[in-house]
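Notes for the one structure printed next.
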Amino acid sequence: MIECGCGKKAVYFRRNEGRYYCKKCLMDGVEKKFYRTVGRNKLIERGDKIAVGVSGGKDSTVLLYLLKMMQKKKGGFELVAISVDEGIMGYRDKSIKAIGKICKKYGVPHHIYTYKNELGFSLDELMCKKKIKSCTYCGVFRRYILNKKARELGCNKLAVGHNLDDEAQSVLINFVRGDMLRFQRLGAFPKILDDKRFASRIKPLRNIPKREIAAYAIIKRFKIEEGHCPYSFDNMRRDIQTMVNKLEQNYPGTKQQIVNFYDRLHPMISKKSGKVIGTCEKCGEPSSLRVCKYCELLEKIKN
Ligand code: SF4
């Protein structure tokens, strides 16, 4: 039997450390990284009302659970869960049902917003009629709805389940695309847009690898419904993901190194834009352009 350092049966091997972990030590390690990220970046303060974006996948389920445990232990902040249902039959309907049960179990109010109600059509309906780059549209719509609804619910922060893998990929994607604005907005608590109409995004899981979150969810026996989106289209992210995974395989610790490097670089490249964010003339939501991206894409679809 392979043993953890504590003598118990090992269930997980952390390659970058060359160490085996038992269930308890692995869970302690995940929780330690979560608290460290929250503490070092001051992600949560007294009086915060936090909306947790939950899809029903492993990341958002573990995020919701850890935030709830933190609230129980320390108190001082409120939690609500928000799900956006794009309307993808056989995929999102199942995962939202699963997360609904978890929210109920832990006593977190759960609000569900559908594309059908917000946009007038589901993603299934849209994809039947139009040949579009699904993720480009879907990502903008989902971010818009999450921010708007979080604000309407009185939340000043929006917690998302981005993990270490997501963050390392985002660093490289924005680097490859040369998208300086988005590159500046990465990190656990970007705070670039100082505007009360935006719920500030926080990423408490951004230093925890996807594999460890998955292992945590399995050990905790969370009922997860995770399928594969039939419209997934983000080729760049898929290619970068494959590349980063290969690097991690050959050089353990690569993902954390990419994120650490970004954190060292961030103070040099980040500056508040100083620009006052305007208002979209169509929907009245905050926008640096005359018409926000959401309205622009919606208009494109209608035309
Ligand atoms: Fe939307 Fe793309 Fe995610 Fe599918 S994979 S839910 S199309 S962003």
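The values are calculated or read from the model by the stated rules, or taken from the named source; none is laboratory data. All figures in this text were calculated on a predicted structure; none of them were measured in a lab. When we count neighbours, we look across all protein chains shown, and the Cβ atoms used for this are built from the backbone with ideal geometry, even at glycine. Note: areas computed on protein heavy atoms with side chains; ligands, DNA, RNA excluded. Shrake-Rupley method; radii C 1.70, N 1.55, O 1.52, S 1.80 Å.
Computed values, structure above
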quantity	calculated
Residues whose placed amide H lies under 5 Å from that of Ile202, excluding near-sequence neighbours	Leu158, Ala159, Val160
At 1.567 mPa s and 4 °C, Stokes D of the chain from Kirkwood alpha-carbon radius, µm² per second	63
With every protein chain in place, the chain: carbon and sulfur % of accessible area (1.4 Å)	52
Net charge contributed by nearby residues that have their C-beta within less than 9 Å of Ser122 (K/R +1, D/E -1)	-3
In Å², nearest 10: area of Lys9 left accessible to a 1.4 Å probe	130
Solvent exposure ordering (accessible area, 1.4 Å, most first) of Phe198, Phe261, Phe77	Phe261, Phe198, Phe77
Sequence-separation-based contact order of the chain, relative, with Cα cut under 8 Å and 6+ spacing, percent	20
Selected from Gly120, Gly57, Gly161 as most flexible by GNM, with the chain as the system and alpha-carbon contacts under 10 Å	Gly120
Kirkwood hydrodynamic radius of the range 74-210, Cα pairs, Å	16.7
Accessible area per residue, Å², the chain with all protein chains present, probe 1.4 Å	54
Compactness relative to 2.2 N^0.38 Å, alpha carbon Rg of the range 1-137	1.35
Charge sum, other residues only, whose C-beta stays under 14 Å from Val84's C-beta, Lys/Arg counted +1 and Asp/Glu -1	+1
Highest-MSF residue in the chain out of Tyr231, Tyr262, Tyr65 [GNM, Cα springs under 10 Å]	Tyr231
Value of relative contact order over the range 147-303, rounded to a whole percent, pairs C-alpha under 8 Å and six or more apart	25
Phi-based couplings in Hz for the range 94-103 (Karplus 6.51, -1.76, 1.60; Gly and Pro marked x)	5, 5, 5, 4, 5, 6, x, 5, 5, 4
³J(HN,Hα) computed for each position of the range 146-155 - Karplus, 6.51 cos²θ - 1.76 cosθ + 1.60, integer Hz, glycine/proline x	4, 5, 4, 6, 4, 5, 4, 7, x, 8
